[in-house]
Amino acid sequence: MRPFVISLTFLILLACLSCSDKPDPINIPDPDPLTELTGFAPLTGGKGTLITIQGKNFGTSSNDISLKINGLPATIKSVKDTEITAVVPDKCGLGALTLSVKGKDFTSSEKFRYIYKATTSSFTGGRKGYADGPADSVKFEGPYKIVFDGKQTFYLTDQGNCMVRKIEQNGTASTIVGAPHAGFKDGKGDQALMKFPIGIELAADGTIYVADHQNNAIRKLATDGTLTTLTGDPDREGLLDGDLKTARFKRPYGVLLDKGGILWICDTENAVIRKISSDGQVTTFAGSTPGYADGKLREAKFYFPAHMTFDEAGNIYIADKHNHCIRKISANGIVSTFAGKPEQNGFKDGTSKDAMFNQPSNVQIDKVGNLYVTDLYNHCIRLIYPDGMVTTLAGQPGTFGYAEGTGPEAKFYHPQGSTFDNDGHLFVTDSFNNRVRKLIIE
C-alpha cells in the first residue's frame, strides 16, 4: 500500500500546482520604427540653398538629427517626422547626403551638385612693361604661373621680363631674381638670367623651383635670392634620363612637388611627364611621343602637357594643352581622358565626353575635388566636378578683353596660371592683360 499512497500524494500536489496562478507574460516592446531616407530636392543649388529631405520616422527633435553633404555639415532648419529642411554648406561640391538620426546614418542614393559663382576683380598690375611698386603701378610682361606660400605672399614667373616676382597681399610687387632681358646665368638678384621662365613651385623651406622654358632647364632659387641650375642645359635640348648633370629636357612648362619631396615636371615639347627623385635621379614617368593615346604610362601620348596637380588619392590631372583636354593618371598607372574631346578645340560645357576646351594651360584642385582650368584661347575659367561635368565659372567664352564682374560679366585675355590662397580665393595670371586677377568663389 505504501507505494500507492506516495504516488497519489504526488499527483494531488501536481494538480494543485497546475491550478495555481500563471506567471505574468514577458512584455516585449515593439521594435523602433524603421527610419528611411527616400529622397531630397532640389538636386542642385548655390550658396544658401534650402534643401528638403523626404522620408519617414525622422522624429521631431532637431537634437536627434544631423546632416552632411559631401562630408560637410549642413545647418538644420526644421524637423518633421517625414521631412527635414536644411541649408546646404557653402562650396560643398558634388556628393551624397549623409543623414544621422539618433546616431544611425542614412546615405542618399543621389548626389547634390553645388552651383558655384565667381566674382572677378583686379589684384595687381594692368600695364605692359616692367615696374615694381604698389598694385596700381605694377607692370608685367606676360605673367605666366603663380604660386602661394600658404601665409601671405605670392610668387610668379614674369615670362617676358624673364624674372621671378614677389607679390604681397596688398598687391605690391618686387623682383626677386632676373633682369628684363633673356639669358642664361646663375647668380643672385639681377645678375642671374633666365629665358622665358614659365613653371614655378615653392618648397616648404622657401626654395623656389622654376621651369626655365627656353633654357631647357630646371632652376633652383634659394631664399637669399641666389639662382642656380638644378638640371638641364640651354645648349643641349633633348630627352635623356639620368643624374642631374646628364639629364636633358626640351622646353619644360610645369613643375610640382609632391608630399614626398619628388619634383614632377611637364617636359612639354618632349610630350612626357618627368620626375626628379630626392637622390637626384631624373626619370620619365609617363608619355612617349607627341600625340594622343590613353593606356599604360609609357604607352600613353600627350601633346604639350602644360601643368599638373594631384588629388588626395594620388591621381594626377594634367592640362594636355594641344590635345585640348584634361588627362588623368590613376594611382595604379593608367592614363585616361578625364574631360574634353581629344584633338578637338572648341567650347562647350557638359559631361566629360561632351565638353570642349581650347588649349587648357593650368589646372588646380580644391578641397572637395573640383578642378579649376584656365582655358587659354577660350579666355575663361572652367570648373570640372569630380564626375567630369564641366561648367564655365568666369569669363565670356571666345571673347577676350578686360572687365570685372560676376560669372560671364568678367573678361580675360589669355589666362595662364592659377593658385588658391588660404581662404579659397583663386588668383589667375591674366597674361595679355598683364594683371593678376582675384576670383572670390561662393
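The values are calculated or read from the model by the stated rules, or taken from the named source; none is laboratory data. The structure displayed is predicted, hence computed values, not measured ones. Neighbour counts run over all protein chains shown; Cβ positions are idealised from the backbone, glycine included. For accessibility, only protein heavy atoms count, side chains too; no ligands or nucleic acids. Shrake-Rupley method; radii C 1.70, N 1.55, O 1.52, S 1.80 Å.
Within the range 72-92, being open to solvent by less than 50 Å² (accessible area, probe 1.4 Å), free of Cβ contacts under 8 Å to residues at least 40 places away in the same chain and over 19 Å from L34 (Cα atoms) holds for A74, I76, S78, T85, A86, V87, P89. Picking from residues in the range 216-240 that are in contact (Cβ under 8 Å) with a residue 24 or more places away in the chain and of a type in the set (S, T, N, Q), the one that is surrounded by the fewest Cβ atoms within 10 Å (Cβ to Cβ) is T228. Within the range 186-215, the set of residues being part of a loop (DSSP other than H, G, I, E, B), in contact (Cβ under 8 Å) with a residue 12 or more places away in the chain and open to solvent by 40 Å² or more (accessible area, probe 1.4 Å) comprises D186, K195, F196, D205.
Quick one: in the range 216-227, of everything that is assigned to a loop (DSSP other than H, G, I, E, B) and touching a strand residue (DSSP E or B) at 6+ places or on another chain (Cβ under 6 Å), which residue is farthest from F304 (Cα to Cα)?
Restricting attention to the range 216-227, the residues satisfying the condition of being assigned to a loop (DSSP other than H, G, I, E, B) are 216, 222-225.
Next, from what is left, pick out any that are touching a strand residue (DSSP E or B) at 6+ places or on another chain (Cβ under 6 Å): 216, 225.
Details: N216: 15, G225: 30 Å.
Checked the range 216-227; the qualifying residue farthest from F304 (Cα to Cα) is G225.
If you check G160, G183 for being over 25 Å from the mean Cα position of the chain (by Cα), over 30 Å from G405 (Cβ atoms) and assigned to a loop (DSSP other than H, G, I, E, B), only one passes: G183. Residue count for the range 365-401 satisfying the condition of being open to solvent by 30 Å² or more (accessible area, probe 1.4 Å), of a type outside the set (A, V, I, L, M) and assigned to a strand (DSSP E or B): 2. Here the condition is being in contact (Cβ under 8 Å) with a residue 60 or more places away in the chain and over 30 Å from G178 (Cα atoms); of G126, G95, it holds for G95 alone. Identify the residue in the range 241-252 that is more than 17 Å from F184 (Cα to Cα) and in contact (Cβ under 8 Å) with a residue 40 or more places away in the chain and, among all such residues, is least open to solvent (accessible area, probe 1.4 Å). Out of the qualifying residues, it is G242.
Taking first residues from the range 294-311 that are without any contact (Cβ under 8 Å) to a residue 24 or more places away in the chain and partners that are acidic (D, E), no Cβ contact under 7 Å between residues at least 6 apart in sequence or on separate chains turns up.
For the range 167-185: of the residues being farther than 21 Å from V436 by Cα and open to solvent by 40 Å² or more (accessible area, probe 1.4 Å), which is modelled with the lowest pLDDT?
The first filter runs over the range 167-185 and keeps only residues farther than 21 Å from V436 by Cα, leaving 181-185.
When the remaining residues are screened for being open to solvent by 40 Å² or more (accessible area, probe 1.4 Å), the result is 181-182, 184-185.
Working: H181: 93, A182: 96, F184: 98, K185: 98.
Applying the filter and picking the extreme gives H181.
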